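Engineer: Here it is, the structure, as C-alpha cells.
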Amino acid sequence: MELRSLAYFVRIAELGSITRAAAHLRLAQPALTRHVQRLEDELGVALFTRANRGVRLTEAGEKLPEGATRILRYVERTGDELRAQDAQPSGRIILGITPTLCPILVPELFARLRRDYPRVELKVMHAGMVRLEEFVIDGRVDIALLSELSHSRLIASTRLAQEEMVLVTRPAARPAGIVDGDELSQTPLILGDGLRAAMDALLAGRGIELKVEYEINDNETMRLMVQDGVAASILPYSSVARDSARGLLAAHRITEGGIFRTLARGVRVSRTASLAREAVVRTIAEIIAEMEDAGRLSLGAMRPRSRQALATA
C-alpha cells in the first residue's frame, strides 16, 4: 500500500469529489482514479460510490480516513523531526483551538510565525473542549489550546492564563456593575452547547441556574443578536473586549469575584517534541501573556490569590 495512494484517498474523502481532488492535487483525474482502484484492489473492498455531485464513502470506506490520517501524520512528523535536527524549526504543525479563541489568537499567530519561523507551516482546526482532547489523543492535532486543564492521563496540559467569562448585553440594557447570581438566573441568554457546558461547570455549587432561551453554536451570530437586543449572552472577555471598547456591546462581571476559565496548552504525553512544535508553543504563550498584560482577558485586575481560588472552585 503506497502512502501516496492513502494521501490521495484522504483528499478525495475530504472534498467528496475526484474531480475537485484532482484539481487540488494538480493531478490528472484518470491517474487519481487509478490510485483509488489500486487501493481498493489491495484492500478488497469498494471505498467510494457515485453521488449526485461527486462521490461518497461506502460503509467500508468510512472506516479508513481516520486511520489513514494518523499514518500520514506520523510519517510526516517523523520526517519533520529528522529534517529539523540542528536546523531552523520547520515542518507542518496542526493546532486545535476553541471557536471563541480562534479569531482572537490565530491571525496574530500566523503573522508571527511568518515573521519568526517562515519554515513552519501551520494548519488550524477548531472544535469544543471534548473534541479537542480526542484530536490530541488520536494525533489529529499536534497542539491544542484548551479552555480548561485536561484531566486525561494521555494529555500533558499546562496553564497559560485565566480568562474572565462576562455577561454581554446591548449597551445601556442594564446599569453598569456586577451581575449577582439572582439577576443572572433571571436573565434570558443566548448560548451555544460548548459555552453552556463550560458555564454549568464553572457555576457548579453556586446555586445559579442559567435561563437559556436561544441555543446557537456560532459566536458571531450570538454577538449580533446581543447587539440587536434579542437577549444577553455569556462570552470570554477576549472575544468582546474590542466591541466593548467601541461601545457596541457592554461587558459585565459575574458575581463579586468574577468567573474565570483556564486557558491551557495540551499535547499528547507520548509524543516527541519537535523544534517546529516548540516554536508554535512559545509563540502562543507569548501572545497570550501579552493579551493578559494588556487587560484583554479580564475586566479588571484581581489579586492572584483570588484568581487561584476561583480557578479551583
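The values are calculated or read from the model by the stated rules, or taken from the named source; none is laboratory data. Because the structure is a prediction, the values reported are computed rather than measured. Heads up, the Cβs are rebuilt from the backbone with ideal geometry, glycines too, and the neighbour counts pull from every protein chain shown. Accessible surface is based on the protein model in full, side chains and every heavy atom, while ligands, DNA and RNA are left aside. Shrake-Rupley method; radii C 1.70, N 1.55, O 1.52, S 1.80 Å.
Engineer: Can you name every residue in the stretch 226-247 that is open to solvent by less than 40 Å² (accessible area, probe 1.4 Å) and of a type in the set (A, V, I, L, M)?
Structural biologist: Of everything in the stretch 226-247, those that are open to solvent by less than 40 Å² (accessible area, probe 1.4 Å) and of a type in the set (A, V, I, L, M) turn out to be 226, 231, 232, 234, 235, 240, 241.
Engineer: Answer yes or no: is there a residue in the stretch 52-59 that is exposed (fewer than 13 other Cβ atoms within 10 Å of the Cβ), hydrophobic (A, V, I, L, M, F, W, C) and more than 24 Å from the chain's Cα centre (by Cα).
Structural biologist: No, there is no match, as no residue in the stretch 52-59 is exposed (fewer than 13 other Cβ atoms within 10 Å of the Cβ), hydrophobic (A, V, I, L, M, F, W, C) and more than 24 Å from the chain's Cα centre (by Cα).
Engineer: What are the residues in the stretch 87-102 that are within 27 Å of residue 216 (Cβ to Cβ) and open to solvent by 20 Å² or more (accessible area, probe 1.4 Å), if any?
Structural biologist: Passing the criteria: 99, 102.
Engineer: In the stretch 7-17, which residue that is hydrophobic (A, V, I, L, M, F, W, C) and surrounded by fewer than 20 Cβ atoms within 10 Å (Cβ to Cβ) is farthest from residue 67 (Cα to Cα)?
Structural biologist: 15
Engineer: Given the criteria more than 28 Å from the chain's Cα centre (by Cα), open to solvent by 60 Å² or more (accessible area, probe 1.4 Å) and closer than 30 Å to residue 272 by Cα, does residue 62 qualify?
Structural biologist: So residue 62 fails the test.
Engineer: If I filter the stretch 66-80 for residues that are open to solvent by less than 30 Å² (accessible area, probe 1.4 Å) and at pLDDT 85 or above, do I get at least one hit?
Structural biologist: yes
Engineer: Looking only at the stretch 109-148, count every residue that is hydrophobic (A, V, I, L, M, F, W, C), more than 11 Å from the chain's Cα centre (by Cα) and either surrounded by fewer than 17 Cβ atoms within 10 Å (Cβ to Cβ) or more than 15 Å from residue 269 (Cβ to Cβ) (or both) and tell me the total.
Structural biologist: The total comes to 6.
Engineer: Yes or no: the stretch 67-74 includes at least one residue that is part of a helix (DSSP H, G or I), closer than 30 Å to residue 17 by Cβ and charged (D, E, K, R).
Structural biologist: There is at least one residue in the stretch 67-74 that is part of a helix (DSSP H, G or I), closer than 30 Å to residue 17 by Cβ and charged (D, E, K, R).
Engineer: Hey, another quick one. Given (1) buried (at least 19 other Cβ atoms within 10 Å of the Cβ); (2) among the β-branched types (Val, Ile, Thr); (3) closer than 16 Å to residue 189 by Cα, where does residue 221 come up short, assuming only one miss?
Structural biologist: Only one criterion is unmet by residue 221, namely (1).
Engineer: To continue, here is another question. Among (1) without any contact (Cβ under 8 Å) to a residue 60 or more places away in the chain; (2) touching a helix residue (DSSP H, G or I) at 6+ places or on another chain (Cβ under 9 Å); (3) surrounded by 14 or more Cβ atoms within 10 Å (Cβ to Cβ), which single condition is residue 106 missing?
Structural biologist: (2) is the only condition that residue 106 fails.
Engineer: Sticking with this structure for a sec: Which condition breaks for residue 216 when tested against (1) more than 30 Å from residue 270 (Cα to Cα); (2) of a type outside the set (S, T, N, Q); (3) more than 18 Å from the chain's Cα centre (by Cα); (4) surrounded by fewer than 21 Cβ atoms within 10 Å (Cβ to Cβ)?
Structural biologist: Going through the list (1) more than 30 Å from residue 270 (Cα to Cα); (2) of a type outside the set (S, T, N, Q); (3) more than 18 Å from the chain's Cα centre (by Cα); (4) surrounded by fewer than 21 Cβ atoms within 10 Å (Cβ to Cβ), residue 216 breaks only (3).
Engineer: What is the residue count in the stretch 192-213 for residues that are open to solvent by less than 40 Å² (accessible area, probe 1.4 Å) and more than 18 Å from the chain's Cα centre (by Cα)?
Structural biologist: Number satisfying all stated conditions: 4.
Engineer: Restricting attention to the stretch 248-284, report how many residues are outside any loop (DSSP other than H, G, I, E, B) and either polar (S, T, N, Q) or open to solvent by less than 40 Å² (accessible area, probe 1.4 Å) (or both).
Structural biologist: Final tally of qualifying residues: 19.
Engineer: Can you tell me which of 35, 24 is free of Cβ contacts under 8 Å to residues at least 40 places away in the same chain, surrounded by 18 or more Cβ atoms within 10 Å (Cβ to Cβ) and within 27 Å of residue 141 (Cβ to Cβ)?
Structural biologist: Step by step, each of 35, 24 is checked, and only 35 is free of Cβ contacts under 8 Å to residues at least 40 places away in the same chain, surrounded by 18 or more Cβ atoms within 10 Å (Cβ to Cβ) and within 27 Å of residue 141 (Cβ to Cβ).
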